[in-house]
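The values are calculated or read from the model by the stated rules, or taken from the named source; none is laboratory data. From a predicted model like this one, the values you see are computed outputs, not experimental measurements. Heads up, the Cβs are rebuilt from the backbone with ideal geometry, glycines too, and the neighbour counts pull from every protein chain shown. Quick note on the areas: whole protein, heavy atoms, side chains included, nothing else; ligands and nucleic acids left out. Shrake-Rupley method; radii C 1.70, N 1.55, O 1.52, S 1.80 Å.
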Amino acid sequence: MNNIVLIGFMGVGKGSVAREVVKNSSYIAIDTDDLIESMENRKIKKIFEEDGESYFRELEKNIAKWLEKNVQNTLISTGGGLYKQENLKKIGIIVLLDSPFDAIIERIKKHPNAARKLKKRPLLQDLKKAKALYEERRPEYLKVADIVIDVTNKSAKECSKELLKKVKKYA
Ligand code: S3P
C-alpha cells in the first residue's frame, strides 16, 4: 500500500502540510472530504444539513474501504473523524498532526479566509462543543498514530520536512 494517511483535528493544517509534502516529494495527494464532495456532488456542509452526520459517516466508511482496495503510494489527507474507520491501519502509515485545541483555533483565526474556514465545518460552529470533541478524540488519535508530529507554531514546510524524515525512518 505505501500510503501516508494524515489524521488530526479540524483546522490543524492537514491540507497545508499535504500541499507542502507534494511540493517536496514524488507523492500525489488526495483528500477524503474532496472525494466525498465529488462523489456526492455537494459540499460537506450541505451533506450534514440535508442528510445528517450519520449519513456522512457512512460515506466515510465507503471511502475508507475504497482507499484500502484501490490506492497506493499516495498521501491521503483525511477529515478529522475518518480516523475512526476500523480498516484505517490497512490503508497506510498513520501520521497524526497534533496541536493543542487553542492553538488550532488561533491558527484558523489568523488565516485570511478564517470566516469561510470556520463556516464550512459543521462541527466547529460551537467552540465549546468542538473543544469537548477535541478532548474526546485526542487520546484516540494518539492511539492509532504510527507517527506524531507536533505542528504547534511550525510552518507547513517545517512539518512536511519532519514528516518525510520520520516516514523514511519508519519504512
Ligand atoms: C470532520 C472534519 C471535517 C469534515 C467534516 C467532519 C470531523 O474535515 O470531514 O466536517 O468530524 O472532524 P477537516 O478535518 O478537514 O476539517
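State which entries of LYS46/LYS129; LYS43/LYS168; LYS128/LYS166; LYS109/LYS165; LYS119/LYS165; LYS128/LYS161 exceed 31 angstrom in Cα-Cα distance in the structure shown.
Flagged as over cut-off: LYS43/LYS168; LYS128/LYS166; LYS119/LYS165; LYS128/LYS161.
Tell me the carbon and sulfur percent of the accessible area for the chain, rounded to whole percent, probe radius 1.4 Å.
The C+S portion of the solvent-accessible surface of the chain is 50 percent.
Every Cα-Cα pair in the chain was counted, and those over 30 Å apart are 11% of them. Among the chymotrypsin sites (Phe, Trp or Tyr not before Pro) within the range 31-140, not one is in coil by DSSP while having at most 16 neighbouring Cβ atoms inside 10 Å.
Once both labels are positioned 7 Å from their Cα atoms along Cα-to-Cβ, the gap between VAL144 and LYS84 label points is 1.0 nm. Modelled this way, with points 7 Å down the Cα-to-C-beta line, the labels at SER25 and GLU106 are 2.8 nm from one another. Using Cα-Cα distances under 8 Å and only pairs 6 or more residues apart, what relative contact order does the chain have, in percent? Answer for the chain is 35 percent.
Extending 7 Å from Cα along the Cβ direction at ASN70 and again at MET39 yields two label points whose distance is 0.9 nm.
For the chain, the residue among SER160, LEU96, VAL144 whose Cα projects farthest onto the positive side of the dipole built from Cβ charges is SER160. First select every other residue whose beta carbon is under 12 angstrom from the beta carbon of VAL148; then total the charges, Lys and Arg +1, Asp and Glu -1. With Lys, Arg at +1 and Asp, Glu at -1, the net is -1.
For the range 112-171, what percent of Cα pairs sit more than 14 Å apart?
Of all Cα-Cα pairs in the range 112-171, 71 percent lie more than 14 Å apart.
Straight-line cross-link partners of LYS157 among the aspartates and glutamates, defined as a Cα under 16 Å from its Cα and at least 8 positions apart when in the same chain: GLU20, ASP98.
For the chain, the dipole from Cβ point charges (+1 on Lys and Arg, -1 on Asp and Glu) about the Cα centre works out to 500 debye, to the nearest 20.
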